[in-house]
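Shown next, in structure tokens, is the structure this report addresses.
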Amino acid sequence: MSQHLYIEGVPVLLGTGLFAVVVSSLLVGVTHRRLRRAFAEPINWPACDRRFVSGIVFFATERHDAVVDFYTSIVDAEIWLEQPDCTILQYDDFRFGFCARDRTDNCGTLTFVYDSREAVDAMHDRVGDAAREEPHANPTYDIYQFFADDPDSRNVEFQTFEHE
């Protein structure tokens with residue numbers, strides 16, 4: 001079943017497929033940029049204003065509750081929107097969602113960026129046994145990082161940029 005979202009009076013089809021989500025997100029992002037240019041000052045959209053979302057990454061999961069619990073209790077993401085079988089989370093301005101399915105998408109990497117090495121080290125302590133390695137400097141990308149697994153064995157990176 002599809003829903004319609006109206007952007008500047010134009011209906012945008014939101015379906016259940018990845019293509020519909022990507023197209024809808026791109027259209028919303030384009031509108032957001034157009035609106036920002038129309039004002040002299042940058043616009044700070046309220047977190048609860050669902051009309052202005054520049055994108056959401058969705059993953060299928062067989063372990064919906066465990067995955068949502070990991071990101072809310074360990075990573076400190078907040079639930080942005082609950083849907084019948086999907087939960088959309090938000091960490092700062094990063095939105096990502098998990099949908100209960102009979103398969104798991106565990107490709108790709110969710111990367112969370114922090115302000116300092118100390119904050120990355122603190123996250124390493126929080127993820128505990130889910131961490132696959134110790135935090136370390138990565139001179140190729142000028143970052144300090146470590147990788148962990150979420151309950152779906154999805155790749156999760158915690159890092160800080162060290163460039164000046």
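No other residue among Y71, Y114 is assigned by TED's automatic domain parsing to the domain that holds G55 and either of a type in the set (G, A, S) or within 23 Å of S54 (Cα to Cα) (or both) apart from Y71. Close Cβ contacts (under 7 Å, 6 or more residues apart or on different chains) running from residues in region 131-145 that are outside the structural domain of D115 (by TED's automatic domain parsing) and under 13 Å from H163 (Cβ atoms) to residues that are in a loop (DSSP other than H, G, I, E, B) and not β-branched (V, I, T) are absent. Restricting the first member to region 57-77 and to residues that are over 13 Å from R101 (Cα atoms), and the second to residues that are part of a loop (DSSP other than H, G, I, E, B) and at pLDDT below 95, the beta-carbon pairs closer than 8 Å and six or more apart or on different chains are V57/G108. Restricting to region 91-111, and then to whatever is among the charged types (D, E, K, R) and assigned to a loop (DSSP other than H, G, I, E, B), can you tell me which residue is surrounded by the most Cβ atoms within 10 Å (Cβ to Cβ)? Here the answer is D105.
The values are calculated or read from the model by the stated rules, or taken from the named source; none is laboratory data. What you see is a predicted model, and the numbers here were worked out from it, not measured in a lab. Neighbour counts are summed over all protein chains in view; Cβ atoms, including those assigned to glycine, are modelled from backbone coordinates with ideal geometry.
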